[in-house]
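Computed from the coordinates by the stated procedures, all read-outs in this text should not be read as laboratory data. Source: prediction; values computed, not measured. All Cβ positions, glycine included, derive from the backbone under ideal geometry; neighbour counts span all protein chains shown.
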Amino acid sequence: MSDDLTRITIFHSNDIHGKFTGETGEDGKLRGSMAQVAGLVAQTKKENPNTLYCIAGDVFQGSLIDSDYQGLSTIDILNLIDIDVMSLGNHELDYGISHMLFAGRYANFQVINANFLVKSNRKHLFKPYYMAEIDGVTVLFIGLLTEAIIDQTRAEGLVGRYVTIADAKDEIRRTYNRLKKKGRKADVVILLTHIGWEADLELARSLDKDLDVDIIIGGHSHTYIDEPAVENGILVLQCGFENTHIGKLDFIYNKTTDTVEDCSWEMIPVDEDHCPADKYVSAMISTYAYDINNKYSKLVTRLKMPLDNYGRGNPTEVGQLFADAFADALGLDVMTMAASSLRCYSLDTEVTLEALKEAYPYNGRIYTVMLSGERLKQGIMRMLRSEVLEQWQEAFFHFSKRLKIDFDFDSKELKVYFDGEPLEDDRILKTGMQEYYLINTAIGFGISPEELIANKDIISVATADAYQTLEDYFYQHQGLGGPMDDRCIIRGNVGGLALEVKKRRGEKE
């Protein structure tokens, strides 16, 4: 290859969510291990030094290996991998802003974000960019985050009031101008985002040409793609979630014409056929897995049958079990249980502490709000939008069994029953809400914080945190669970992203 041409390889992952150990299939082969990702990256970097590996956010939250150590175990594991840069994801803030600032310093790789700022002086909480020099070519990564992070910071009280998410385009421009003043020029500009696939496409379409953005590598929406999208001349990529695959982008940078040429991309399965496992990373993961197994192998309860929990815009067997458990344990008329707070795809008949903790890893309390039938129906109607049912955005709620919903998606006709009778508008129900959704009521039910604060009957009903309430309840109750009942019937032509994601997961399994 001539001196004016440089071939560059970029590996990318997103939304790993603490899934490090992988799973062994019926064929006896391991899939989805972080050790396999490490092995592939190391092997490729040895063969081609012009290789980078980046992660587009959300390495935290999704396994006990991560949550039991509040993400520091995750950084420990990732520090053994030759990662060049990672953008901040919303789940990186699950253990608090201050904790993530420490974790970022603990990391051997650069954690970047350009639009998560201190309100008063617009200072960045993390370094906004990372520059890599590869064979005379400067590759610039700029990190960007979804506005959903602000919903999480509200739970941090005082600190959460002093941070904000700035407009992505403004911060790209700000970073660009700052580098220009320093006399630093990037040859290849990559936005390493955690805002979701559709938002990435919209961002690409909106960017001015003088910003010279070449590539967007994203996360957050867990999107699998068959091929890269091209919007406004910008290549847009994402690679599923939870280490099922790793993205590999190859391109040539032409130093004479200052252009990216000859791009090719593939989504590589993380398995024994494609990825040699790194023995050191494997040993580190095994050490953490051993500790977790010793600590959490105790049996909590036995269910009637294995329960399914796939989907974030639809009722599930696990969802109805957990909603019923909270309602019964806390004496509620109705429990609202956010689907996104359940971090498992299924529960086996025998539920250990590890399985329960991974299924519901959050420690916030459960609160009661006295809601009228009218207000509850308005909230349910808002939940049954296309954005929730088809695209899995915002929040879908599982409800305890005394409440029944019958909704026609095509005609938008909603019927709600309580104890078998049509729910009257003036009926007042003792309604359970998770602490996160109490703080961020606009996300779920479209209730303003002011409206909720005006209700003087809000009280904490969980004697301990929500997880402990579940654990205590299941220790005392055996043989629970069962197939889906008729508490949430959604009729009509509901399709879109939800069906596509289900299809892809079926292909993976």
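Percent of Cα-Cα pairs per 10 Å bin, from 0 to the last occupied bin, for the chain, please list those.
P(r) for the chain, in whole percents per bin: 4, 18, 28, 26, 16, 7, 2, 0.
Need one number: nm distance between label points at Leu299 and Val159, each 7 Å from Cα along Cα→Cβ, rounded to one decimal.
The modelled label-to-label distance comes out at 4.1 nm.
Among Phe396, Phe474, Phe322, rank each residue by its count of other Cβ atoms within 10 Å, from fewest to most, as a rough exposure measure.
Placing the least packed residue first, the sequence is Phe474, Phe396, Phe322.
Estimate the FRET efficiency between Glu133 and Asp27 by the formula 1/(1 + (r/R0)^6), using the beta-carbon distance for r and 60 Å for R0, to the nearest 0.05.
Plugging the Cβ-Cβ distance into 1/(1 + (r/R0)^6) gives 0.90.
As a check on your grasp of the helix formula, calculate [θ] at 222 nm for the chain: sum -39500 (n - 2.57) over DSSP H runs of n ≥ 4, divide by the residue count, round to the nearest 500.
It lands at -8500 deg cm²/dmol.
Taking a virtual spin label 7 Å from the Cα of Asp4 along the C-beta vector, which residues in segment 250-280 bring their backbone nitrogen under 15 Å of it?
The answer is 253-261.
Cut-off is 10 Å between beta-carbons; in what order do Glu147, Glu171 appear when sorted fewest neighbours first?
Result, fewest neighbours first: Glu147, Glu171.
Compute the FRET efficiency between Asp485 and Asp408 as 1/(1 + (r/R0)^6), taking r as their Cβ-Cβ distance and R0 = 22 Å, and round to the nearest 0.05.
0.70
Hey, what's the Kirkwood Rh for segment 5-289 if you take every pair of different alpha carbons, in angstrom?
For segment 5-289, the Kirkwood estimate is 19.0 Å.
Once you place label points 7 Å from the Cα toward the Cβ at Lys401 and Leu211, how far apart are they in nm?
5.2 nm
Quote to one decimal, in nm, the extra length available between Asp291 and Asn121 on full extension: 0.36 nm per residue of separation minus the C-alpha distance between them.
Length gained between Asp291 and Asn121: 56.8 nm.
Pulled fully out, how much extra length does the chain show between Ser372 and Asp262, if you take 0.36 nm times their separation in residues and subtract their Cα-Cα distance?
33.5 nm
After finding the eigenvalues of the alpha carbon gyration tensor for segment 228-270, what semi-axes result from the square roots of 5 times each, listed largest first in whole Å?
Working through the eigenvalues yields semi-axes of 25, 12, 6 Å.
Can you pull the one-decimal nm distance between simple spin-label points at Ser98 and Tyr345, each 7 Å off the Cα toward Cβ?
3.8 nm
Relative contact order for the chain: what is it in percent, counting Cα pairs under 8 Å that are at least 6 residues apart?
15 percent
Between the helical axis of 197-206 and the dominant principal axis of the chain, each derived from Cα atoms, what acute angle in degrees is found, rounded to the nearest 10?
Taking Cα atoms only, the helix is inclined about 50 degrees.
Quick one: 3J(HN,Hα) in Hz for segment 426-442, Karplus 6.51/-1.76/1.60 with θ = phi - 60°, rounded, Gly and Pro as x.
With the stated coefficients, segment 426-442 comes to 8, 6, 9, 10, 6, 10, x, 10, 5, 4, 4, 7, 6, 5, 10, 5, 5 Hz.
Provide the gained length on full extension for the span Ser448 to Asp419, in nm with one decimal, where the gain is 0.36 nm per separating residue minus the Cα-Cα distance. Don't jump to the answer; show the numbers that get you there.
Working: separation 29, 0.36 × 29 = 10.44 nm, distance 2.81 nm.
Gain on extension, Ser448 to Asp419, equals 7.6 nm.
Please arrange Lys248, Lys415, Lys46 by counting, for each residue, the other beta carbons lying within 10 Å of its beta carbon, fewest first.
Lys46, Lys415, Lys248
From the phi of every residue in segment 43-54, what ³J(HN,Hα) in whole Hz does the Karplus formula 6.51 cos²θ - 1.76 cosθ + 1.60 yield, where θ is phi - 60° and glycine or proline is x?
Rounded to whole hertz, the list is 4, 5, 5, 5, 6, 9, x, 7, 10, 10, 10, 10.
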